[in-house]
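Report on the following structure.
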Amino acid sequence: MAKLWQKAGSGSGLHPDVEAFLSSLPVDSRLFPEDLECSIAHASMLGEMGILPEAEATAIAAELGKMLAEFEAGSLAVDPDSEDIHSFIEAELTKRLGEAGKAVHAGRSRNDQVAVAFRLHILRAFASTQGLLLDALNAVLALAKNHTGTIMPGYTHLQRAQPVTLAHHLLAWAAALERDASRLADGGKRADECPLGSGALAGSGLPTDREATAKALGFARPSRNTMDAVADRDACVDYAAACSIIAMHLSRACEDIVLWTSTEYAFMGLTDAASTGSSIMPQKRNPDPAELIRGKSARIFGGLQALLVLQKGLPYAYDRDLQEDKELFFDLEDTISGCLKAFAVLVSSLVPDVETLRDSVKEGFLEATDVAEYLVLEGIPFRTAYQASKELVSLCIASGKRLPDLGPSEIAAAHPAFAGPGFDVPGFKAYLDPVACVARRDQAGGPAPRRTKEELARLERFIAEAQTGLGRGRKG
Ligand code: ARG
């Protein structure tokens, strides 16, 4: 079949291998609805500006609308010989309307046609990924809500460090996901400009109205420069970067889940909704979704890298290299969606073992910092207090005892800081109780139940507002 750019009636001339190599149809068919929407807006503008007779423009727009309905109903077959979906749409329109169909491309080029359909798709992807991210965040909050009082060890260097609560740990994930939501919102805002009417690179000599098409399609404005408009794929990179950071966060949280559900930690179980069995070892429940989300991050980072390298050094304005953007983008979109959906289920299917979590703070001297802080409140300089606490821990290790098991004389013998006449041993021991350790950490952002409850309420309001924003957002 002759391509759009070939002499009418001639054969394609392309070697079949090259033709197959150049075709983007299997990939960009996904932009079918967006191209039709954009083509309808363009045709209507051509009519309004008197570039096409009103009746002709109306007929074109109506036929494109019909094609959209047929596509949605699954009754429109795409000619597999088309170079891409955009060429197919023009060819199909011409098949249906004859001469009138040939008129639709006035005032635009395939370069801005591709750019605008893709941009519309990207904007919607920002919004739908945002929706899935908020669902995942919601799942984290739902679990955290039940565990503001569940004491567990917090770690640094994967060594038990200080007591926290499960809610506090989960809210650390939530803080990262909230930043991700803002990155998606920010990327969506920046992407909100319309390339349509930029032509091949230099606009059009016809009196087209780019403001009108931008407005009709729900964009904030037309893009600022027609060369940039056909060369720019920043929105794609912004999306990939936002997805990469999300994937990094999910991967870290999943690593926590893998550790927590291991036999070694035994902090939690997973329901059947998000764990798998072994083909040979009947006793096993494996956290496969957590591992696969962790694995998918590699693919997502690869997509970002590929998009950056794709554009590095490309001469202005459009180059065919850019055709690669869509396959990379769609893969990112599908991968991050799958990860976010699976993550929400995974988190909802965690069954914390509250007793094991609480008992785990009893081993490892997690209250050692609080020993030092108790002494600071007694007027002892922190470094001296730290040394005193270290001595007390050493004594415990030497005698095979835990801190709460030490008697008054053992405590007093550990360091002069404990040996003063007024040293209140029962008060000191009460101070070291893990529940008390957590409760007094009630600074902004701290693990104290009062603070985590406040933070949960704030995040719930954030989600509600963000969801309303999505509902209010662009059409489509
Ligand atoms: N399928 C191509 C793409 O996605 C269409 C653009 C072709 N434009 C051109 N000047 N050859 O980039």
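Of all residues in the range 404-426, how many are touching a helix residue (DSSP H, G or I) at 6+ places or on another chain (Cβ under 6 Å), among the aliphatic types (A, V, I, L, M) and open to solvent by less than 50 Å² (accessible area, probe 1.4 Å)?
Qualifying residue count for the region: 5.
Quick one: in the range 175-191, of everything that is among the charged types (D, E, K, R) and more than 13 Å from the chain's Cα centre (by Cα), which residue is farthest from SER223 (Cα to Cα)?
Among those residues, the one meeting the criterion is LYS189.
Could you pull out the residue among VAL345, VAL258 that is over 24 Å from LEU184 (Cα atoms) and surrounded by fewer than 20 Cβ atoms within 10 Å (Cβ to Cβ)?
Of VAL345, VAL258, the one residue that is over 24 Å from LEU184 (Cα atoms) and surrounded by fewer than 20 Cβ atoms within 10 Å (Cβ to Cβ) is VAL258.
Please verify whether LEU132 is within 16 Å of the ligand (Cβ to nearest atom) and either open to solvent by 20 Å² or more (accessible area, probe 1.4 Å) or at pLDDT 95 or above (or both), treating the condition exactly as stated.
no
Return yes or no: is GLU34 surrounded by 14 or more Cβ atoms within 10 Å (Cβ to Cβ) and over 23 Å from PHE330 (Cβ atoms)?
Answer is no for this residue.
Looking at the range 221-236 only, could you name the residues that are in contact with a strand residue (DSSP E or B) (Cβ under 6 Å, 6 or more places away or on another chain) and open to solvent by 70 Å² or more (accessible area, probe 1.4 Å)?
ARG221
Within the range 289-342, work out how many residues are open to solvent by 20 Å² or more (accessible area, probe 1.4 Å) and among the β-branched types (Val, Ile, Thr).
Within the range 289-342, residues that are open to solvent by 20 Å² or more (accessible area, probe 1.4 Å) and among the β-branched types (Val, Ile, Thr) number 1.
Among the residues of the range 58-70, is there at least one that is open to solvent by less than 50 Å² (accessible area, probe 1.4 Å) and outside any helix (DSSP H, G or I)?
no
Would you point out the residue of the range 281-332, among those that are of a type in the set (Asp, Glu) and more than 14 Å from the ligand (Cβ to nearest atom), that is farthest from MET227 (Cα to Cα)?
First pass over the range 281-332, keeping only residues of a type in the set (Asp, Glu): 288, 291, 319, 321, 324-325, 327, 331.
With the extra rule that they be more than 14 Å from the ligand (Cβ to nearest atom), the set shrinks to 288, 291, 331.
Numbers: ASP288: 47, GLU291: 44, ASP331: 27 Å.
Among residues in the range 281-332 that are of a type in the set (Asp, Glu) and more than 14 Å from the ligand (Cβ to nearest atom), the one farthest from MET227 (Cα to Cα) is ASP288.
Could you check the range 357-476 for helices (runs of 4 or more DSSP H) lying wholly inside it with 3 or more residues that are over 25 Å from ALA167 (Cα atoms) and under 47 Å from the mean Cα position of the chain (by Cα)?
Values: elements: 368-377, 382-399, 408-414, 425-431, 434-439, 449-472.
Because the criterion is at least 3 residues that are over 25 Å from ALA167 (Cα atoms) and under 47 Å from the mean Cα position of the chain (by Cα), the helices (runs of 4 or more DSSP H) in the range 357-476 that meet it are 368-377, 382-399, 449-472.
Could you run through the range 99-113 and say how many residues are open to solvent by 20 Å² or more (accessible area, probe 1.4 Å), in a helix (DSSP H, G or I) and within 16 Å of the ligand (Cβ to nearest atom)?
The total comes to 2.
Is there a residue in the range 115-123 that is in contact (Cβ under 8 Å) with a residue 12 or more places away in the chain, open to solvent by 30 Å² or more (accessible area, probe 1.4 Å) and not polar (S, T, N, Q)?
No; the residues of the range 115-123 include none that is in contact (Cβ under 8 Å) with a residue 12 or more places away in the chain, open to solvent by 30 Å² or more (accessible area, probe 1.4 Å) and not polar (S, T, N, Q).
The values are calculated or read from the model by the stated rules, or taken from the named source; none is laboratory data. Just so it is clear, the model here is predicted, and its values are computed rather than measured. Neighbour counts are summed over all protein chains in view; Cβ atoms, including those assigned to glycine, are modelled from backbone coordinates with ideal geometry. The accessibility values were calculated without ligands, DNA or RNA, using every heavy atom of the protein model including side chains. Shrake-Rupley method; radii C 1.70, N 1.55, O 1.52, S 1.80 Å.
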